[in-house]
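Accompanying notes for the structure given below.
Every number here is computed from the coordinates shown, using simple stated rules; none is lab data. Please read all numbers here as calculations on a predicted model, not as lab measurements. Quick reminder, even Gly has a Cβ in these numbers, built from the backbone with ideal geometry, and neighbours come from all protein chains shown.
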Amino acid sequence: MESKDTLILAIDSSCDETAAAVVRNGREVLSNVISSQIDLHTLFGGVVPELASRKHIEKINQVIARALADAGATLDDITAVAVTYGPGLVGALLVGVAEAKAIAWARKLPLIGVHHIEGHICANFIEHPELEPPFLCLVVSGGHTHLVMMKDYGKLDIIGRTRDDAAGEAFDKVARAIGLGYPGGPKIDRAAREGNPHAIEFPRAHIEGSPYDFSFSGLKSAVLNYLNHERMMGREVCQADVAASFQNAVVEVLVSHAVEAAAQYGVDQVVMAGGVAANSALREKLKSACASRGYRVYYPSPVFCTDNAAMIGVAAYYEYQKGARAGWDLNAVPNLKLGER
């Protein structure tokens with residue numbers, strides 16, 4: 001390794017993936033190792049926080065060792081250690097934070113705490129070397145739905161947010177209601193391909209006075225009411241049509257808010273981030289809407305949409321360059337707000 005290179009060892013354990021990565025100079029991913037717990041949590045229909053924490057403890061040393069080996073690096077080559085410290089499940093976050101602090105302290109390395117959602121946004125830098133701020137980002141994940149202006153590296157303004165359920169949370173709940181199970185997002189995406197997106201007209205929420213905010217609880221209730229009504233009437237429910245119609249309602253609102261916000265804020269770059277950014281219908285609709293307005297659209301490959309440590313390493317690089325360092329009192333902050341430090 002050349003001494004002028006900045007190598008970040010990054011760790012993410014915010015939910016149910018134990019992840020470690022080595023990132024060189026902010027944009028080059030040398031390794032990205034993810035140990036998923038999906039099979040375990042599928043048995044329970046969702047993530048069980050205590051089980052997630054125990055699995056992180058079991059896996060984290062192995063995952064870090066593998067990330068270093070895949071990168072052809074040792075801890076002697078590492079410039080700094082980065083870790084997600086929020087938001088997320090508190091027990092899960094604590095495993096990663098404790099591990100990162102231990103490595104940084106033992107090796108006398110700088111420690112950098114990273115906001116998980118900022119990491120998701122920065123995932124776009126991995127495969128798009130030409131992408132630079134400013135841009136508008138649509139963040140859509142299991143716990144968050146935000147419209148964010150990234151003015152510069154590390155400088156984020158939230159211009160829209162969900163008032164209730166996040167988009168990914170709504171996907172999970174509807175998937176469960178129509179019998180698809182967990183994880184809901186990919187299963188609804190697959191089922192919707194076989195269905196008619198206009199079979200059922202579900203509502204699209206618009207919030208008076210807050211044009212870029214989102215609300216999905218009414219939509220979720222409308223789907224549940226539809227299912228209950230059809231079952232009471234003894235009619236068979238077409239799973240694919242419900243999935244497609246629900247997905248269409250979510251995607252229309254996400255895309256319309258994003259392109260309208262881009263126009264108002266005068267940016268011609270729109271990016272997506274978070275697990276729901278892997279949704280095929282959302283990608284196609286956003287691409288089409290942006291093309292019609294002359295905007296460039298960016299989104300990560302699916303592996304960088306879901307939780308991973310490479311994105312944390314990218315975000316950490318820009319924090320490191322600015323001189324940001326965490327103290328040994330760094331702690332897990334499960335409800336950490338975007339823009340907070």
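Tabulated values for the structure
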quantity: Stretchable slack from Glu260 to Ser217, in nm (0.36 nm times residue separation minus alpha-carbon distance); calculated: 13.2 nm
quantity: Relative contact order, percent, the chain [alpha-carbon distance under 8 Å, six or more residues apart]; calculated: 24 percent
quantity: Qualifying lysines (Cα of each under 23 Å from Cα of Lys187; at least 8 residues distant if same chain); calculated: Lys173, Lys220, Lys285, Lys287
quantity: From phi via Karplus (6.51, -1.76, 1.60), per-residue ³J(HN,Hα) for segment 79-93 in Hz, x at Gly/Pro; calculated: 8, 7, 10, 10, 8, 6, 10, x, x, x, 6, 4, x, 5, 4
quantity: Normalised contact order of segment 132-300, rounded percent, pairs of Cα under 8 Å and 6 or more residues apart; calculated: 27 percent
quantity: The chain: angle of helix 310-321 to the longest principal axis, Cα-based, in degrees nearest 10; calculated: 50 degrees
quantity: Segment 80-171: translational diffusion in µm²/s, Stokes-Einstein, Kirkwood Rh over Cα pairs, 4 °C, 1.567 mPa s; calculated: 88 µm²/s
quantity: Translational diffusion coefficient (Stokes-Einstein; Kirkwood radius from C-alpha pairs) of segment 1-100 at 37 °C, 0.692 mPa s, in µm²/s; calculated: 238 µm²/s
quantity: The chain: antiparallel DSSP beta bridges as a percent of all, rounded to 5; calculated: 60 percent
quantity: Computed [θ] at 222 nm, deg cm²/dmol, the chain (DSSP H ≥ 4; -39,500 (n - 2.57); rounded to nearest 500); calculated: -14000 deg cm²/dmol
quantity: Helix 167-177 vs. the chain, principal-axis angle (Cα, 0 to 90°, nearest 10); calculated: 50 degrees
quantity: Principal-axis tilt of helix 280-293 within the chain, Cα atoms, nearest 10 degrees; calculated: 90 degrees
quantity: Lysines whose Cα lies under 23 Å from that of Lys4, excluding same-chain neighbours fewer than 8 positions away; calculated: Lys108, Lys322
quantity: Footprinting exposure proxy for Tyr85, Tyr320 (fewest neighbouring C-beta atoms within 10 Å first); calculated: Tyr320, Tyr85
quantity: For segment 195-341, diffusion coefficient by Stokes-Einstein and Kirkwood Rh (Cα), 20 °C, 1.002 mPa s, µm²/s; calculated: 117 µm²/s
